[in-house]
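Enquirer: This structure is in structure tokens; I'll ask about it shortly.
The values are calculated or read from the model by the stated rules, or taken from the named source; none is laboratory data. Here the structure is a predicted model, which is why all the values come from computation and not from measurement. Positions of Cβ are backbone-derived with ideal geometry, glycine not excepted, and every protein chain shown enters the neighbour counts. Each accessible area value is taken on the protein alone, full model and side chains, heavy atoms only, with ligands, DNA and RNA left out. Shrake-Rupley method; radii C 1.70, N 1.55, O 1.52, S 1.80 Å.
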Amino acid sequence: MEGFVFPNEVHVTWTVMIVLYPYITGLVAGAFIVSSLYHLFGIQALKPIATFSLVSAFVFLLFAPLPLLNHLGRPERAMNIMITPNFRSAMSGFGFVYLIYAVIVFFEIWFHFRGMMVEKWREAAGLKRKLLKLSLLGSTDRNERTDAIDRMMVRGLAGVGIPVALILHGYVGFLFGSIKANPWWSTPLMFIIFIFSAIVSGIAVLTFLYQFVTWRQRLPVSQRTLNALGRLLWAFMIGAVSLELMEVLSVAYEQTERWAVLKELIGGKLFVSYVVFQLFICSLGPFLLLMARTLLRLPQRLANSFLFISAALLLIQVLLMRWNVVIGGQLLSKSYRGFTSYLPGLFDKEGILVAGIIIIIPFLLLRQFDRAFPFFGREEKASAAGAAKR
Amino acid sequence: MGDNTDLNRRRFIQLALAGATGAFVGTLTAFGAPGEKPELRSMQDLSKLEWGFLVDTTRCIGCGSCVRACSAENDVPDSFYRTWVERYEIDKDHEVHVDSPQGAIESFKTDQCEKQRLAKGFFVPKLCNHCRASACTQVCPVGASFHSPDGVVLIDRSRCVGCGYCVQACPYGCRYIDHDIGTADKCTLCYHRLHRDLTTACATACPRQARICGDLRAPDSPLRRVLDQRRYGLLKPEMGTDPKCYYLGLDLEVK
Amino acid sequence: MWASSAGNNRNDHAHVTRVVILLAIATVLGLVIQAVLRPDGYGDGGEYQRAVLEDIISREPLHQGRETCGECHAGILQTHQKDIHFDVQCEDCHGPGAEHVRAHREGPPAEDDPARLMPKEYTLEGCLFCHRRLNSRPADFPQIDPVAHYEFLKVTDPKTRCIECHDPHEPVFLLTRVAEARTHPVIYECVTCHEKRPQKSHHEAPDHPVIFACADCHQEIVGDFAGRRHNFMDCTACHFFHRENEVAGRIFKNGNRRFCLLCHERKSFKDTEQVPAIDSKIHLDEFAELLDLDPVELEADPRACLKCHLKEVHARKLLGR
């Protein structure tokens, strides 16, 4: 602790768990947007990863409440948020929006895979057949029209899902931005900053995994997709970082009362995590790499390595951004006179080990899903086979 | 015999938690001497009162009696504070030094500045401001933080999920999460004492009459009389929380 | 829907209908569950809130207040109320009394009952919570630097507790009841400091910094005091000033024998070479005999010292006697 903090502020209330939650819902929103760019807006370059994006969004969504439940003082009462919600609170939206969004994504996936499940039902026997029929809600008809209806439903849900996804992640930004008591958080821009940042993280994780998995499984990769992702990543990261910087720069320019303490925060406790890592290494770095990749004619392997590195750095950047916002805002005292400190323990209930586990599990789950319904390679193999035939 | 400086803080009665469901009418025992359950007036009668608080920073000596009394009376967990005392020392170069060692629960042991360098020094006790437009009740997602009809901001411990949003939203740093029970906690203006015709533990304990709790609407209450005669300030009025804790002798340096 | 060449039109979106029905059922179920789990009378000012309030006030107050203490400890309370600690609550030093009161009301409590006796805050540190000299404390509040205080009083053992000299219930042995003590203003003549009388009304007096010097009004006595034996002491050492607000306070004269003895009583932990020290009982008996006074009467007279020693402090004629 340095300077003076109010006695109750010595202890940091929102831990690394609360850093993880917006990070995971950010991945959800970003992945969903990418999926919708294909399913709704028909950007063909994204077709190879469309299904993967959709399923990733759902898997991350399943695990989003986990850090929150771990953090709550009384997790057994978590349902109170839907039983006696106080709608004046931004946080009260969580229960309902999350539920509605989960339903939307689930059924988008359901309609997407319905055809495949019907085929599996036809070939299955015994318990597996009964389970498949149950999961198909007993309706096993399949023909051209049902397929068309399924595709239409997917498109419709993708469309409806976009605003809901934006609300699901945007409300977190609003939650922070509307806290007038905290000079680091309070800004009307927070809602938009979080959304842009989320989209960046979503594109980054999809890019990273697409490149990683296809490399590991020695599958052919669609260069067109990578180029599209590279451009999207570059564009959205420019938007996200510009918004983040605008926010800070305008406070620095106006020099209202809070600038003095924020300057000390940025130059002190947050210097390494914010200035050095988030801004320079993980924002400027990817910006230059992606710019080189998009504007210059680079050999393909180099360009793809740049993309991979940028995606990895941006994944870290978004995590750092969440850390710097959530933890940074609590390091500074509302007395405007001092700072406290926070370092999560390794084995704490809300510590580093638990945080690591919570982040890793969705990826492991995706891997299992991939084993049952492989995400990548079918399109490319089919087009390669088709080319060979001709 | 009294060699330890800590007063014995024994754990007294735990709050009996009411069930979350079911309505029940208050028991109709007579108003009480300590030991008898007081009768709560009707909600309509309660809304005719409005509790407020006054802190006289010109009289405070920073002894910490209020912090100790509150901690004992309300079973406040260690290292968290429902009330605390801050000390301000402003030196001749206009540098401001502020401290509050453990909320001043054992007062202050040393000066911050040397006497020759000191221009001005004073103490500011702080507590929940029981704001009329409190940020904490606005942000509680489950409606556990609420205003009583007589203007006291309270926490429904059977409903609170311990999310900590209210702790972040309070501009004054009055709230904390009680990790033993997993819910948010804060000054209740000794609500259990107010309804037994007693005043708050901190106001009772203060040997300098620096703290007054009273009804803002009663024209003859000691609180109202002081407010009508003296000049006072509020903490962070620009936040729009409309606090009901008034400070006599409030210095600009106090945030 | 458009016409199709294969399959029955109505069956083609049967699965969609099933999804919709499933969601509708789930929503209704959810609303029903919410209504069931929601407490009756929930809402601002409703029955549920009232129940919460009743639960909150069911907590027993732990601090009982000095009147309750006085129910059994009337003698101590009476003494306490007469002296300068009258505004210091019993429970400030002794801790909350609820258990103790209950144990004795339901009592008598067992020998090993921890609530049978209240803790006694007699430690040096306890007294210093209020009385340690801090630069931020108002100058007129009685406060000491323990080291300097013991040096002044020639106390040789640094661990000597305050109560060895100061009775916590009667720390300064005041002769007048607090409520009867004279009110004393703190404002004094503007022109003593200001060249010209400032254009301010006396309503603004509370905003004026307090600058209180006895000599400004009481020149004669202060001047006379300067030539007497006790001239190294502050006026306020013996004349307590209890400040009530920025404008006024109460001034006490203290000729109580026990107060004089705070310095002049011979004690084992004091070095009594530099301060004339006596054994009060022996001293009084001696002088009762010498002056042919009734020793019992002399013993009972709280102003006994001043009978002979007033001249060490003030000129008798200046006091209007």
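Enquirer: When the gyration tensor of chain C is built from Cα positions, what are the square roots of 5 times its three eigenvalues, in whole Å, from largest to smallest?
Expert: Semi-axes (√(5λ), whole Å): 71, 31, 19.
Enquirer: When averaged across all projection directions, what area in nm² does the alpha-carbon convex hull of chain A cover?
Expert: Its Cα hull, projected and averaged over all orientations, spans 22.7 nm².
Enquirer: Let me cross-check C:Glu180: its accessible surface, 1.4 Å probe, with only protein heavy atoms counted, in Å² to the nearest 10?
Expert: Accessible area, nearest 10 Å²: 120 Å².
Enquirer: Ok, one more. How big is the A-B contact in terms of buried accessible area, both chains counted, 1.4 Å probe, rounded to the nearest 100 Å²?
Expert: Chains A and B together bury roughly 3400 Å² of accessible area.
Enquirer: Sticking with this one: Using only Cα atoms and rounding to the nearest 10 degrees, what angle (0 to 90) does helix B:65-74 make with the longest principal axis of chain B?
Expert: The helix B:65-74 is inclined about 20 degrees to chain B.
Enquirer: What does the structure give for B:65-75 when I average, per residue, the other chain Cβ atoms found within 10 Å of the residue Cβ?
Expert: Average per residue, whole number: 4.
Enquirer: Further, regarding this structure: Are there any residues in the stretch A:35-82 with a reduction of at least 10 Å² in accessible surface when going from the isolated chain to the assembly of protein chains? Probe 1.4 Å, please list them by number.
Expert: Listed in order, they are A:His71, A:Leu72, A:Gly73, A:Arg74, A:Arg77, A:Asn80, A:Ile81, A:Met82.
Enquirer: Residue farthest toward the positive end of the dipole of chain A, with Cβ of Lys/Arg at +1 and Asp/Glu at -1: which of A:Val118, A:Thr15, A:Leu189?
Expert: Farthest towards the positive end: A:Val118.
Enquirer: I would also like to ask the following. What is the distance in Å between the Cα centroid of the stretch B:185-219 and that of the stretch C:142-176?
Expert: When both Cα centres are located, 33 Å separates them.
Enquirer: Membrane-span-like helices in chain C: DSSP H runs reaching 24 Å or more (Cα, own axis), mean Kyte hydropathy at least 0.5?
Expert: Counting only whole DSSP H runs, the qualifying helices are C:14-37.
Enquirer: While we're on this one: How big a patch of accessible area, both sides summed and in Å² to the nearest 100, lies buried between C and A at a 1.4 Å probe?
Expert: Using a 1.4 Å probe, the pair buries roughly 1700 Å².
Enquirer: Right, here's the next one. Non-local amide H neighbours of B:Ser145 (under 5 Å, H modeled in plane, Pro and chain starts lacking H): which ones?
Expert: The answer is B:Asp156.
Enquirer: Per residue of B:169-180, what is the mean number of Cβ atoms on other protein chains within 10 angstrom of that residue's Cβ?
Expert: 4
Enquirer: In Å², nearest 100, what accessible area do chains C and B bury in total when the solvent probe is 1.4 Å?
Expert: Approximately 6200 Å², summed over both chains.
Enquirer: Moving to a separate point now. Sequence gap at least 6, Cα distance under 8 Å: using those rules, report the relative contact order of chain A to the nearest whole percent.
Expert: The value is 28 percent.
Enquirer: If R₀ is 22 angstrom, what is the calculated FRET efficiency for the pair A:Lys120 and A:Ala148, using the beta carbon separation as r and rounding to 0.05?
Expert: 0.60
Enquirer: Going by Cα centres, the stretch A:88-152 and the stretch B:134-178 are how many Å apart?
Expert: If you average the Cα positions of each part, the centres end up 41 Å apart.
Enquirer: Let me ask another. Is any helix in chain A, taking whole DSSP H runs, at least 20 angstrom long along its axis by alpha carbon and on average at least -0.5 on the Kyte-Doolittle scale, and which ones?
Expert: Span-like helices here: A:16-39, A:47-63, A:93-123, A:144-177, A:190-216, A:223-254, A:300-331, A:352-372.
Enquirer: Under 5 Å between amide hydrogens, which residues at least 5 positions from B:Val85 or on another chain qualify, with H placed 1.01 Å from N in the peptide plane?
Expert: Here the answer is B:Ala104, B:Lys126, since their amide H atoms fall under 5 Å of that of B:Val85.
Enquirer: Okay, next question. Of B:Pro77, B:Gly164, B:Trp51, which is farthest along the charge dipole of the stretch B:3-248 in the positive direction, counting Lys and Arg as +1 and Asp and Glu as -1 at C-beta?
Expert: After comparing all options, I get B:Trp51.
Enquirer: Compute, for A:Phe375, the solvent-accessible surface of its heavy atoms (probe 1.4 Å) with the complete set of protein chains present, and express it in square angstrom to the nearest 10.
Expert: Result for A:Phe375: roughly 20 Å² accessible.
Enquirer: Accessible area per residue, 1.4 Å probe, Å², for the stretch B:3-248: what's the number?
Expert: It amounts to 38 Å² per residue over the stretch B:3-248.
Enquirer: Follow-up question, since we're still on this one. Using 0.36 nm per residue of separation minus the Cα-Cα distance, give me the extension gain between A:Leu245 and A:Lys180 in nm, one decimal.
Expert: 21.4 nm
Enquirer: Roughly to the nearest percent, how much of the accessible area of the protein assembly as shown is carbon and sulfur, given a 1.4 Å probe?
Expert: The C+S portion of the solvent-accessible surface of the protein assembly as shown is 60 percent.
Enquirer: Per-residue accessible area for B:Leu234 at 1.4 Å probe radius, Å² rounded to 10?
Expert: Number for this one is 50 Å².
Enquirer: Run the dipole for the stretch B:3-248 about the Cα centre, Lys and Arg Cβ at +1, Asp and Glu Cβ at -1, nothing else charged, and hand back the magnitude in debye, nearest 20.
Expert: So the magnitude is around 420 debye.
Enquirer: Given the -39500 (n - 2.57) contribution per DSSP H run of 4+ residues, what per-residue ellipticity at 222 nm results for the protein assembly as shown, rounded to the nearest 500 deg cm²/dmol?
Expert: Result for the protein assembly as shown, helices only: -14000 deg cm²/dmol.
Enquirer: Let a ≥ b ≥ c be the square roots of the eigenvalues of the Cα gyration tensor of the protein assembly as shown; is it rounded (a/c under 1.5), or, if not, prolate (a/b larger than b/c) or oblate?
Expert: Judged from the Cα gyration tensor, the protein assembly as shown comes out prolate (a/c at least 1.5, a/b above b/c).
Enquirer: Among A:Ala165, A:Val272, B:Gly64, whose Cα projects farthest towards the positive end of the dipole of the protein assembly as shown, with charges put on the beta-carbon of Lys, Arg (+1) and Asp, Glu (-1)?
Expert: Going by the Cα projections, it comes out as A:Ala165.
Enquirer: Counting only protein heavy atoms, probe 1.4 Å: which residues of the stretch A:178-221 lose 40 Å² or more of accessible surface in the full assembly compared with their chain by itself?
Expert: Those are A:Ile179, A:Lys180, A:Ala181, which lose 40 Å² or more relative to the chain on its own.
Enquirer: In a GNM of chain C with a 10 Å cut-off on Cα contacts, which of C:Asn135, C:Asn256, C:Asn231 has the highest mean-square fluctuation?
Expert: Sorting by GNM fluctuation, first place goes to C:Asn135.
Enquirer: Take every residue in peptide C:83-95, count the Cβ atoms of other chains within 10 Å of its Cβ, and give the average of those counts.
Expert: Taking the mean over all residues of the peptide, I get 4.
Enquirer: Rg(Cα) of the stretch A:1-57 divided by 2.2 N^0.38 Å?
Expert: Relative to the 2.2 N^0.38 Å estimate, the stretch A:1-57 comes out at 1.91.
Enquirer: What percent of all Cα-Cα pairs in the stretch B:32-188 falls into each 10 Å bin, going from 0 up to the bin containing the maximum distance?
Expert: 10, 31, 33, 19, 6, 1
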